[in-house]
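Notes to accompany the following structure.
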Amino acid sequence: MYMQVVGHKPDPGMVVGIDEAGKGCVVGDLVIGAVFWPDEKAPVAGLRDSKKLRSEKREMLFKELKARCPCVTISIHAHEIKPKNILDLQIAATRMILRKFRPRRAVIDCPHSTPAKFVRLLACPHVDILAEHKADDRYPITSAGSIVAKVVRDRKIRLISKLVDRDIGCGYPGDMKTRSWLEYLAEAPDEPAGRLIRWGWSTCKDIFGDARVARELNGR
């Protein structure tokens, strides 16, 4: 897990919108995106849930956001993600952002089934936290966090494709290019590439078999 500040460092007392990208992927990082602004108004025009925007529009908005707003990302590496720990990792990453930059208010697209419990688990009483499902579609500041997370995540996937010299698609289990690359690795194991895979996913058990998956999970 590592943090990156895009542009200038956030000042204390701002409002932050937080969302993630890549939760369901079988390949690559899970990225938490956070965008800071003095209030909850839209820092740039055209913000909405990143999944409802074309990639070209996301890239354009990302450039505008990082030029105007303090933006922070936390990347959780694929090899860190094991069965049943992804929510704990998201909580830890979100808590890290809130404690380090000390916003006065956070508007978060809630990854927990119970938003009130998620707020309690964050244990950040110094922050006024609003956690809602689909907040990325309701609040511009959270839409901004969604866009930053999605663009950074997509760039990481494209970088993986360059590193392995193969188009691996978007990294989700339903993408046939992603599955084709995993099937290739099942026949031609590559240890560095193996660290880019979330071995606890059922897709890996289907392709690599239970024994291989168990070895990979126990060795990381």
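Here, each number is a calculation from the coordinates, and none is a lab measurement. Nothing here was measured: the structure is a model prediction, and the numbers come from that model. Neighbour counts run over all protein chains shown; Cβ positions are idealised from the backbone, glycine included.
Listing for the model above:
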item: Among residues of segment 184-209, those that are basic (Lys, Arg) and part of a loop (DSSP other than H, G, I, E, B), counted; result: 2
item: Spans of strands (runs of 3 or more DSSP E) in segment 1-102 with at least 1 residues of a type in the set (Gly, Ala, Ser); result: 15-21, 30-37, 71-76
item: Output for segment 184-220, where each listed residue is polar (S, T, N, Q) and surrounded by 13 or more Cβ atoms within 10 Å (Cβ to Cβ); result: THR203
item: Total residues in segment 162-183, condition crowded, with 16+ Cβ neighbours inside 10 Å and part of a helix (DSSP H, G or I); result: 5
